[in-house]
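The values are calculated or read from the model by the stated rules, or taken from the named source; none is laboratory data. The shown structure was predicted, so the numbers you read here are calculated from the model rather than taken from an experiment. Note that each Cβ is placed from the backbone with ideal geometry, even for glycine, and that neighbours are counted across all protein chains shown. Surface accessibility is based on the protein's heavy atoms, side chains included, excluding ligands, DNA and RNA. Shrake-Rupley method; radii C 1.70, N 1.55, O 1.52, S 1.80 Å.
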Amino acid sequence: MKFETPAGTNPIDQRRVIGKPTPRIDGPLKVTGTAPYAFERNDVAPGHAYGVIVGSAVAKGRIARIDTADAARAPGVIAIVTHENAGKLGKAKAHTATMLAGPMVEHYDQAVAIVVAETFEQARDAAKRVRVDYARAKGRYDLAAAKAGAPIAPGDKMKTAVGDFARAFAAAPVTVDATYTTPDQSHTMMEPHATIAAWDGDTVTLWTSNQMIAWAVRDMSETLLIPKEKIRVVSPYVGGGFGGKLWVRSDAVMAALAARAAKRPVKVALARAQIMNNTTHRPATIQRIRLGADRTGKITAIAHQTWSGDLPGGGPETAANQTQLLYAGANRLTETRLAVLDLPEANAMRAPGEAPGMMALEVAMDELAEKLGMDPVRLRILNDTQVDPEKPERPFSDRHLVRCLEEGAQRFGWARRSATPGKMRDGRWLVGMGVAAAFRNNMNMKSGARVGVDRKGMVTVATDMTDIGTGSYTIIAQTAAEMMGVPLDKVIVLLGDSRFPESAGSGGQWGGNSSTAGVYAACVDLRRRIAQKLGFDADRATFADGKVSDGGRSVDLAKAAGDDGISGEDTIEFGRLNDDYAQATFGAHFVEAGVDAHTGEIRVRRMSGVYDAGRILNPVSARSQVIGGMSMGIGAALMEDAVVDPRFGYFVNHDLAEYHVPVHLDVPHQEVVFLDTLDDKTSPMKAKGVGELGMCGAAAAVANAVYNACGVRIRDYPLTLDKVLKGLARV
Amino acid sequence: MKPFTYERAASPAAAAAAVARTPGAKFVAGGTNLLDLMKLQIETPRHLVDVNRLGLDTIEPTAEGGIRIGALVRNTALAADARVRRDYGVLSRALVSGASGQLRNKATTAGNLLQRTRCPYFYDTNQPCNKRQPGSGCAAIGGFNRNLAILGTSKDCIATHPSDMAVAMRALDATVETVMPNGQTRRIAIADFHRLPGSTPWVETALVAGEMITAVTLPAPVGGTHIYRKVRDRSSYAFATISVAAVLRPTNGTARFAFGGLAHKPWRVEAAETRVDGGAKAIAAAALAGAQTTDQNGFKIPLVERTLASVLAEGAAA
């Protein structure tokens, strides 16, 4: 199905199942521990051995010698794979660094070997007996130092300019010119990267934890240099990804190599302490923002320049994304520059671009409001735009940022905020309020599905879509139930297998809208087939209460399916609507934060958000997505910081004891409101993504609340107490 | 984890003798720190002597009016004990500010005293660390040391001791009771129990090879207002950036202040306590005399003073 014109009324608009608060259909499996994750698939790989990956002890250099003799003699060892015996490997185009180092080492903890043994304990012990001599090379690890001379990054819209920014900024009576920094961050999803690989002749099956099944097949094919048809990837349950599992990582590649060498299935999980340096991370940014406004608060000049680093051939953190679209202003400039760093591979993490970009832009807006003596909610409303400001002939498909701000302010009690910082006190706590817009682009991706009905009237959906904790199972079941006119418990959803039709996968908050639109398309095909079989008019036939009806005739769906069942299949493909219209999701974050007047400790006390993301398919799982994003925003604002040791070139605090993410006590009550909007330009579902929106701007709202509480403006994330103390008054 | 042998000891003296007798042996109790370190091969004992079934898990009154806390009393039980909560509130509060409920259920009194530093370079076996590998150097000096020590450091080590419990015990003048491999017992004042790193940072306590902690005793209660204030980068499940254990207005004597997160041991300067009338500034100045900071951890000096001010204000209001 081609989606090329705005959606009209369709069965989804009936909202019998879609849009209803629906607990996850996979919830009972999850809470009883019976949803099998990759590392638990003992059922599919009997007699498997265990692989433990040895990571590089240096960040850059060459492997001078690998001595595996001692490890090979260790009890239980079956095989050891290094670059010397792995055979010829390719490098997937999606990978910046290779999954197996050798002889060159590109980053710290890059895999240099895998040791396979009968038990996990034997493999872990033997892995420590692999001795590697390195010839260290000098690397570049400091973004601030590498920033000078960094070129514009490759890719679209890495440099944009409209009007005459320099002149307008110079002429503006009120300006902000500030530089913000955000640190490297780690995904720290609950489930570590894990894979069981098993070969059957020249065919390999990977039970793994991955967000994008078709990409995984492609990347394994490009790495192992075998045809895609010889690779099966299965990943029905994923314990979080946040972008860290968009592409296969060393667990999958090394498990496949190990299983080939050991001639039996091999199970591999990355240890928590390996993940931060072995896999990918969100790179640090340095962002300079300049805003110029007239005295009424209208922005006349807006510039956002951002720098990040990656290994040679890598990509940038596109932190200027939102600045191209969020606010009006005639004179504009954005630049995204990329330095070369020899840290582990920089890559996508939840809301790549907007997450760190909004951390800077939305604090700059707070600073501009203060200089104007204007309420920061009003400043944002005043500079709203209904068209792409770089391309005014391109309207937004559907944009209600102003409603989000107004409704959020009212619900939060924003009117009680003091414009002057440091005026509210609650015992030892200095209390402040902060606001930030939420903004994240809406992307749509081609997505396919197969839907069948059997003779019992059970509807089965199969698609290689993944559920990374987001609720895909449930919204897909809701979509099929709505389309086929059956209750939710008559739908079975099968996900995450490369034998199923190729879907959008989970990433960039495109999965929800795109994958359900694919299921919609498949259901349209199935409905047509059923109508044809019954001799009904396909356009007129209705599907409700387990029956197909046309005019006076009505047939049970089960009966229509017959003994052989009946199935349909289709793929939704998206035309130019995302080019002709700017499609994005919006919101407004409101935060109340406390700053301990003595110690500078920051605690978020209240948090609320109003969001505009088109049709909300399932308010229960959408809310969970958004509060997860808001919580990650608290982490980004206050604690997450993968610290680089510039002498050795690695992330030092590479475990969960020292890389802090929020704990329960850091996350207060969160109020979430969705506007009842529909966006007919996005898909037949009229939905958009919510998986990343809740994070975008949340950290800035925290930072603005901290400033309002204590008057200390920190432009260097995270906002730790040592930075607060520098500006905090004596007590 | 390296392969190791295992035995279950029959008595404290037998356990001490077994560890002294067996090369590369260590005691294991709750295992909450040791097993993690063994998995990373930071600790590589060849033999473990399990002391979990030796009793030593009760809290008894002493003839002097204090309490004797068995070495194997779990942190959860100690924090919840009615006498501890009533008479030694600072200890109970320190305990519940540490780790997580699950860890406190397993962690023992003796094990808590013996837990090892959380310096990130100690935790990465690819990096130099004099504590882990004597003579290899200290990567923390000149590296990431925002949360490391400012007092009692040496050119070989700037690690901190991560315990909360030990800080409160220092303020309470606890005594560590031990049994030696030859069966003799001795008592070590908590002030003398942990050592400064000096040129031998791998030697962390006054214990000799095979010597086993059997109990910690606390003197008779001193009354006063007990406060434990832990300052950290997130609300829970984080080691102290700094902490203050305070006993204010005790029945006899002056106020007491011990500090965590500043040194290789709980830090207490008794002379500073005579300056309580001078307020936080005077106490901090005396307690932190000789502090040596890096470009990252200098904030601990004003933070100690400010936290003391907060503690004094809280105490005045109590």
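How many of the residues in the stretch B:289-298 are surrounded by 15 or more Cβ atoms within 10 Å (Cβ to Cβ) and more than 18 Å from B:Ala159 (Cβ to Cβ)? Steps first, answer last, please.
From the stretch B:289-298, those surrounded by 15 or more Cβ atoms within 10 Å (Cβ to Cβ) are B:291, B:293-294, B:296-298; that's our starting set.
Right, trim to more than 18 Å from B:Ala159 (Cβ to Cβ) and you get none.
The number of residues fulfilling the criteria is 0.
Just to be sure before I move on: is A:Ala301 more than 26 Å from A:Gly635 (Cα to Cα), touching a residue at least 24 places away in the same chain (Cβ under 8 Å) and in contact with a Phe, Trp or Tyr (Cβ under 6 Å, 6 or more places away or on another chain) in the structure I sent?
Numbers: more than 26 Å from A:Gly635 (Cα to Cα): yes; touching a residue at least 24 places away in the same chain (Cβ under 8 Å): yes; in contact with a Phe, Trp or Tyr (Cβ under 6 Å, 6 or more places away or on another chain): yes.
For A:Ala301, the condition - more than 26 Å from A:Gly635 (Cα to Cα), touching a residue at least 24 places away in the same chain (Cβ under 8 Å) and in contact with a Phe, Trp or Tyr (Cβ under 6 Å, 6 or more places away or on another chain) - is met.
Mind listing whichever residues of the stretch B:142-155 are more than 16 Å from the chain's Cα centre (by Cα), surrounded by fewer than 22 Cβ atoms within 10 Å (Cβ to Cβ), more than 11 Å from chain A (Cβ to nearest Cβ) and within 22 Å of B:Phe259 (Cβ to Cβ)?
Within the stretch B:142-155, B:Ser154 is the sole residue that qualifies.
Looking only at the stretch B:54-86, count every residue that is within 20 Å of the chain's Cα centre (by Cα) and among the charged types (D, E, K, R) and tell me the total.
5
Does any residue in the stretch A:3-24 that is under 28 Å from A:Ile468 (Cβ atoms) and touching a residue at least 60 places away in the same chain (Cβ under 8 Å) come within less than 7 Å, Cβ to Cβ, of a residue that is open to solvent by 40 Å² or more (accessible area, probe 1.4 Å) and assigned to a loop (DSSP other than H, G, I, E, B) six or more places away or on a different chain, and which pairs are these?
Matching pairs, first to second residue: A:Ala7/A:Asp680.
Which numbered condition in (1) under 23 Å from B:Gln115 (Cα atoms); (2) at pLDDT 95 or above is the only one that B:Asp233 fails?
(2)
Does any residue of the stretch A:393-400 turn out to be under 30 Å from A:Glu592 (Cα atoms) and under 21 Å from the mean Cα position of the chain (by Cα)?
The first filter runs over the stretch A:393-400 and keeps only residues under 30 Å from A:Glu592 (Cα atoms), leaving A:398-400.
In the following step, the residues that additionally are under 21 Å from the mean Cα position of the chain (by Cα) were identified as none.
No; the residues of the stretch A:393-400 include none that is under 30 Å from A:Glu592 (Cα atoms) and under 21 Å from the mean Cα position of the chain (by Cα).
Where in the stretch A:54-131 are there strands (runs of 3 or more DSSP E), lying fully within it, with 3 or more residues that are among the aliphatic types (A, V, I, L, M) and within 34 Å of the chain's Cα centre (by Cα)? Break it down stepwise before answering.
On the way: elements: A:61-67, A:77-82, A:111-117.
Strands (runs of 3 or more DSSP E) meeting the threshold: A:111-117.
Quick check on my filter: what residues within the stretch B:47-67 are in contact (Cβ under 8 Å) with a residue 24 or more places away in the chain and open to solvent by 50 Å² or more (accessible area, probe 1.4 Å)? Walk me through it before giving the result.
We begin by selecting, within the stretch B:47-67, every residue in contact (Cβ under 8 Å) with a residue 24 or more places away in the chain; these are B:47-54, B:56, B:59, B:62, B:64-67.
B:Arg53, B:Glu64, listed by residue number.
If you go through the stretch A:530-552 one residue at a time, how many are free of Cβ contacts under 8 Å to residues at least 40 places away in the same chain and surrounded by 14 or more Cβ atoms within 10 Å (Cβ to Cβ)?
Number satisfying all stated conditions: 8.
Only one of these conditions is not met by B:Asn112: (1) more than 14 Å from chain A (Cβ to nearest Cβ); (2) open to solvent by 60 Å² or more (accessible area, probe 1.4 Å); (3) not aliphatic (A, V, I, L, M). Which number is it?
Result: B:Asn112 passes all but (2).
Which ones in the stretch A:655-705 are within 14 Å of chain B (Cβ to nearest Cβ), touching a helix residue (DSSP H, G or I) at 6+ places or on another chain (Cβ under 9 Å) and not in a loop (DSSP other than H, G, I, E, B)?
Within the stretch A:655-705, A:Asp666, A:Val702 meet the criteria.
I'd like to know if the stretch B:22-35 contains one or more residues that are within 13 Å of chain A (Cβ to nearest Cβ) and open to solvent by less than 50 Å² (accessible area, probe 1.4 Å). Working first, answer last.
Step one: of the stretch B:22-35, the residues within 13 Å of chain A (Cβ to nearest Cβ) are B:32-33, B:35.
Among the residues that remain, those that are also open to solvent by less than 50 Å² (accessible area, probe 1.4 Å) are: B:32-33.
Checked against the condition, which is being within 13 Å of chain A (Cβ to nearest Cβ) and open to solvent by less than 50 Å² (accessible area, probe 1.4 Å), the stretch B:22-35 yields at least one hit.
Report, by residue number, each residue of the stretch A:252-296 that is over 21 Å from A:Arg41 (Cα atoms), over 22 Å from the mean Cα position of the chain (by Cα) and of a type in the set (Val, Ile, Thr).
A:Ile289, A:Thr296
So that you can scan it fast, the table gives a plain yes or no per residue for (1) at the interface with chain A (Cβ under 9 Å from one of its Cβ atoms); (2) in contact with a strand residue (DSSP E or B) (Cβ under 8 Å, 6 or more places away or on another chain):
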position	(1), (2)
B:Gly278	no, no
B:Lys281	no, no
B:Ala284	no, no
B:Asn297	yes, no
B:Pro302	yes, no
B:Ala309	yes, no
B:Leu312	no, yes
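Give the stretch B:156-178 a look and list any residue that's within 14 Å of another protein chain (Cβ to nearest Cβ) and among the polar types (S, T, N, Q), or say none.
B:Thr160
For the condition within 12 Å of chain A (Cβ to nearest Cβ) and of a type outside the set (D, E, K, R), what is the one hit in B:Pro120, B:Pro134, B:Pro61? Walk me through it before giving the result.
Details: B:Pro134 fails: within 12 Å of chain A (Cβ to nearest Cβ); B:Pro61 fails: within 12 Å of chain A (Cβ to nearest Cβ).
Exactly one residue qualifies, and that residue is B:Pro120.
Quick check on the stretch B:239-254: of everything there that is open to solvent by less than 10 Å² (accessible area, probe 1.4 Å) and among the small types (Gly, Ala, Ser), which residue is farthest from the other protein chains (Cβ to nearest Cβ)?
B:Ala245
Pairs under 6 Å by beta carbon, first residue part of a loop (DSSP other than H, G, I, E, B) in the stretch B:19-46, partner among the basic types (Lys, Arg), six or more apart or different chains?
Note: pairs meeting the criteria are B:Gly24/B:Arg46; B:Gly30/B:Lys106; B:Thr32/B:Lys106; B:Gln41/A:Lys128; B:Ile42/B:Arg132; B:Thr44/B:Lys2; B:Pro45/B:Lys26.
Residue by residue through the stretch B:116-141, note down the ones that are of a type in the set (S, T, N, Q) and open to solvent by less than 40 Å² (accessible area, probe 1.4 Å). It would help to see each step written out before you state the result.
To start, the set of residues in the stretch B:116-141 that are of a type in the set (S, T, N, Q) comprises B:117, B:125-127, B:130, B:133, B:136.
Answer for the stretch B:116-141, where residues must be of a type in the set (S, T, N, Q) and open to solvent by less than 40 Å² (accessible area, probe 1.4 Å): B:Thr117, B:Gln127, B:Asn130.
Confirm whether B:Asn75 is within 21 Å of B:Val247 (Cα to Cα) and more than 14 Å from chain A (Cβ to nearest Cβ).
Criteria met by B:Asn75.
Here is a list: A:Tyr650, A:Tyr611, A:Tyr581. Which entry is at pLDDT 95 or above and farther than 29 Å from A:Val377 by Cβ? Full working, then the answer.
Details: A:Tyr611 fails: farther than 29 Å from A:Val377 by Cβ; A:Tyr581 fails: farther than 29 Å from A:Val377 by Cβ.
The match here is A:Tyr650.
So, of the residues in the stretch B:1-13 that are crowded, with 17+ Cβ neighbours inside 10 Å and outside any loop (DSSP other than H, G, I, E, B), which turns out to be nearest to the other protein chains (Cβ to nearest Cβ)?
B:Pro12
Among the residues of the stretch A:25-45 satisfying the criterion of being within 30 Å of A:Met99 (Cα to Cα) and touching a residue at least 40 places away in the same chain (Cβ under 8 Å), which is most open to solvent (accessible area, probe 1.4 Å)?
The initial filter retains those residues of the stretch A:25-45 that are within 30 Å of A:Met99 (Cα to Cα), namely A:35-45.
Checking which are touching a residue at least 40 places away in the same chain (Cβ under 8 Å) leaves us with A:35-39, A:41, A:44-45.
On the way: A:Ala35: 3, A:Pro36: 46, A:Tyr37: 51, A:Ala38: 5, A:Phe39: 75, A:Arg41: 38, A:Val44: 45, A:Ala45: 1 Å².
Per the stated criteria, the residue is A:Phe39.
Is there any pair with a first residue in the stretch B:222-235 that is within 14 Å of another protein chain (Cβ to nearest Cβ) and small (Gly, Ala, Ser) and a second that is surrounded by fewer than 19 Cβ atoms within 10 Å (Cβ to Cβ) and outside any strand (DSSP E or B) whose Cβ atoms are under 8 Å apart and which are 6 or more apart or on different chains, and what are they?
Final answer for the pair search is B:Ser235/A:Val663; B:Ser235/A:Leu665.
Counting residues that are within 20 Å of the chain's Cα centre (by Cα) and buried (at least 24 other Cβ atoms within 10 Å of the Cβ), which strands (runs of 3 or more DSSP E) fully inside the stretch A:404-520 reach at least 1? Full working, then the answer.
Values: elements: A:424-426, A:429-441, A:447-453, A:459-462, A:491-494.
Answer list for the stretch A:404-520: A:429-441, A:447-453.
Yes or no, residue by residue, for (1) crowded, with 24+ Cβ neighbours inside 10 Å; (2) out of contact with any Pro (no Cβ under 8 Å at 6 or more places or on another chain):
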| position | (1), (2) |
| --- | --- |
| A:Val591 | yes, yes |
| A:Ala597 | no, yes |
| A:Arg605 | no, no |
| A:Ala622 | yes, yes |
| A:Val626 | yes, yes |
| A:Gly635 | yes, no |
| A:Val644 | no, yes |
| A:Asn653 | no, no |
| A:His664 | no, yes |
